[in-house]
Amino acid sequence: MMLESLLSLLILLGALFTFIGSLGLARMRDFYTRLHGPTKATTLGVGSLLIASLIHFSTQGSGISLHEILVTLFLFITAPVSAHLLSKAALHLRVQALVRPPLEVRDADGDSA
Amino acid sequence: MLNIAVIVAFGLVSAALALTLWRLLRGPDKPDRILALDTLYVNAIAMLVLLGIHLNTALYFEAAILIAMMGFVGTVALCKYLLRGDIIE
Amino acid sequence: MKRWLLPHPILTLTLALIWLLLANRLTPGHLVLGLLLGWAIPIFTRRFWPETVHIHRPLTLARFMIVLLYDILVANVTVALLILRGPRRVVPGFVVVPLKLQSELGISLLANTISLTPGTVSAWLSPDRRSLVVHGIDVRNPGALIDTIQRRYEAPLLEIFEPC
């Protein structure tokens, strides 16, 4: 019973964070603010769902199941990397932003990319 | 209780997928669409994990791992393309 | 001889662990196979790992990980609340953080840390690697943000990877 409540809580929280991440993506007004929702909220949401799955399959009686950790770690490592590359690409393309990027970027971004 | 939680979660993740799809179609810029694709695959992983719990099978796991890896490589390749105009140098 | 046979011991152990997680069962056969892979892959991919990593303060690293985990949780709740409150209430902004870190691993870890913690995404690294441009979703006090990043994240990373 305790276990089931914990699982349900983790699943609901995970789904809620996943939803909020996409809500941020749909709702915010410029690319850079949109970037925050998916990189943080969605990653944590999916992480929480994966932990729930780990607990669920480990308590089924057929041995513990830890490979969910692999996907969680992988997501937590790759999410910042893709966010960094995306914002670099956006700065390079001079995507419209609510605030102007700092001078350093505008000066240096002719060739470096 | 677990069943109800999973069904509610299905609803929330589907809504997330719909919002992401809307952003993918709307744009307005290329990085926005790539970001939407990136979010789309993470949401797809969430959906697969939920399906695994719902149907009580670990089979979907390999698919989740594959999507995670291929999605990341795809995002990096698309960003690289925007930055350099070329993927393989 | 040792360098040739076992160039990256930490990588070897990590790869063995990943293999065990992937196989999802702990049997002697998989343990041997994992260690074998962990031994062979670093040798065949030696050219991808030019730097050897030295961890100078394992305890600081452990404390840093705990702080990071806590901050990730706080960051997510903060960002979730900001998103729910609506796009008109946030004050986004860019800040430029001067870097003291020199090593590639140190800088990339710092950039990843910044992206995972409160309302900030690392956006751009200057070609000379002296400064990191960070975008914050709700920056009301840029000076304090730079200060937090330097004290909370950069200082421990400096201690761990580049003590001098």
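Readers should treat all values here as calculations from the given coordinates under stated rules, not as data from a laboratory. Source: prediction; values computed, not measured. Note that we place each Cβ from the backbone using ideal geometry, even for glycine, and neighbour counts take in every protein chain shown.
Summary of values
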{"read-out": "Cα long-axis angle, helix C:28-44 against chain C (0 to 90 degrees, to the nearest 10)", "value": "70"}
{"read-out": "Relative contact order %, chain A, counting alpha carbon pairs below 8 Å whose residues are six or more apart", "value": "25"}
{"read-out": "Kyte-Doolittle at least -1.0, axis length at least 24 Å by Cα - qualifying DSSP helices, chain A", "value": "A:2-27, A:67-93"}
{"read-out": "C:Asp147, A:Asp30, C:Asp128 arranged by Cβ crowding within 10 Å, fewest neighbours leading", "value": "C:Asp128, C:Asp147, A:Asp30"}
{"read-out": "Cα-based helix-to-principal-axis angle, C:9-23 vs chain C, degrees rounded to 10", "value": "90"}
{"read-out": "Rg in Å to one decimal, and Dmax rounded to a whole Å, for chain C via C-alpha atoms", "value": "19.6, 62"}
{"read-out": "Viscosity 0.890 mPa s, temperature 25 °C, Stokes-Einstein D of the stretch C:2-48 from Kirkwood C-alpha radius, µm²/s", "value": "230"}
{"read-out": "Calculated P(r) of the stretch B:2-84 - Cα pairs past 20 Å, %", "value": "42"}
{"read-out": "Rg and Dmax [Cα atoms of the stretch A:32-104; Å; Rg one decimal, Dmax integer]", "value": "17.6, 59"}
{"read-out": "Label-to-label distance, nm, for residues given as C:Ile43 and C:Leu13 (7 Å Cα→Cβ offset)", "value": "2.1"}
{"read-out": "Folded to 0 to 90 degrees: helix B:60-84 orientation relative to chain B principal axis, Cα", "value": "20"}
{"read-out": "Centre separation in Å (Cα based) which lies between the stretch C:91-164 and the stretch A:1-30", "value": "28"}
